[in-house]
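Bear in mind these aren't lab numbers, they're just calculated from the coordinates by the rules spelled out. As the structure is a prediction and not an experimental result, all values here were calculated from the model. Don't worry about glycine lacking a Cβ; one is built from the backbone with ideal geometry, like all the others, and counts go over all protein chains shown.
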Amino acid sequence: MARIGEITRTTKETDIRIRLNLDGGEVRIDSGIGFLDHMLTALGVHGGFGLTVECKGDLKVDGHHTSEDIGIALGQAFAQAVGDKKGIARYGSFYIPMDEALAFCSLDISGRPFLVFDAEFPQWRCGEFDCCLTEEFFRAFAMNSGVTLHIKSMYGRNSHHIIEAIFKAVAHALKAACKIEYEGTLSTKGVL
């Protein structure tokens, strides 16, 4: 059974189309923000996901609506793709080093959305991307995917490296948590 989520989300601020295949495929990203494209590409490639993102946003304002709304739509696509969560490992944790930076992610595909985000960015921008939007993206993703998501930058001096380590840590944690390992549902309640 294909584990695919497809979302189209149109507002006065953004027009987004996302297709996510948890079991692999093409990765093609066009958000209008080069650095965000780079991070979403890393998320798809390191997660082993097929991921296409097309977004037209109000970048004349700034990158906030684009980053947050892609997080919302990607979270919705993820929730759709993972479905009833039957058989998944559910939990995933991963450390990623990126040169001088080290990031950690631990998550639970629980249906109970939550974000703990602990990261500081020495430089406030990476290209046309405001580094503070990293947290906004992951908050939107967590709240719309139903994932409990803990992210921590252990240390680092370069904001690009810190953010890239975070995205890759989340990707690998999601890959581990999405892996089919059980016949039933990993919950004492019998449902997630």
(request) Report, please, the projected area of segment 18-83 averaged over directions, based on the convex hull of its C-alpha atoms, in nm². (result) 3.9 nm²
(message) Under the rule of at least 5 residues apart or a separate chain, name every residue whose amide H is placed under 5 Å from the amide H of Ser110.
(response) Thr148
(request) Quick one: dipole size for the chain, taken about the Cα centre, charges +1 on Lys/Arg Cβ and -1 on Asp/Glu Cβ, in debye to the nearest 20. (result) 620 debye
(message) Quick check: the distance between the Cα centres of segment 115-165 and segment 1-28, to the nearest angstrom?
(response) 21 Å
(request) Please build a GNM for the chain, connecting alpha carbons under 10 Å apart, and tell me which residue among Asn144, Asn158, Asn21 fluctuates the most. (result) Asn158
(request) Can you find, among Phe35, Ala176, Asn158, the residue farthest towards the positive end of the dipole of the chain? Put +1 on the C-beta of Lys and Arg, -1 on that of Asp and Glu. (result) Ala176
(message) Quick check: net charge around Ser110, other residues with Cβ under 10 Å of its Cβ, Lys/Arg +1 and Asp/Glu -1?
(response) +2
(message) How would Ile18, Ile166 line up from fewest to most surrounding beta-carbon atoms within 10 angstrom?
(response) Ile18, Ile166
(request) First measure r as the distance between the Cβ atoms of Tyr182 and Arg112, then evaluate 1/(1 + (r/R0)^6) with R0 = 22 Å and state the FRET efficiency to the nearest 0.05. (result) 0.70
(request) Could you pull out every one of the lysines with an alpha carbon less than 19 Å from that of Lys86, ignoring same-chain neighbours closer than 8 positions? (result) Lys175, Lys179, Lys189
(request) Give me D for segment 49-192 in µm² s⁻¹, whole number, from Stokes-Einstein with Rh from the Kirkwood sum over alpha-carbon pairs, 20 °C and 1.002 mPa s. (result) 136 µm²/s
(request) Identify which of Pro122, Pro113, Pro97 has the largest mean-square fluctuation in a Gaussian network model of the chain, with springs joining Cα atoms closer than 10 Å. (result) Pro122
(message) How tilted is helix 159-178 with respect to the longest principal axis of the chain? Cα atoms for both, answer in degrees (0 to 90, nearest 10).
(response) 10 degrees
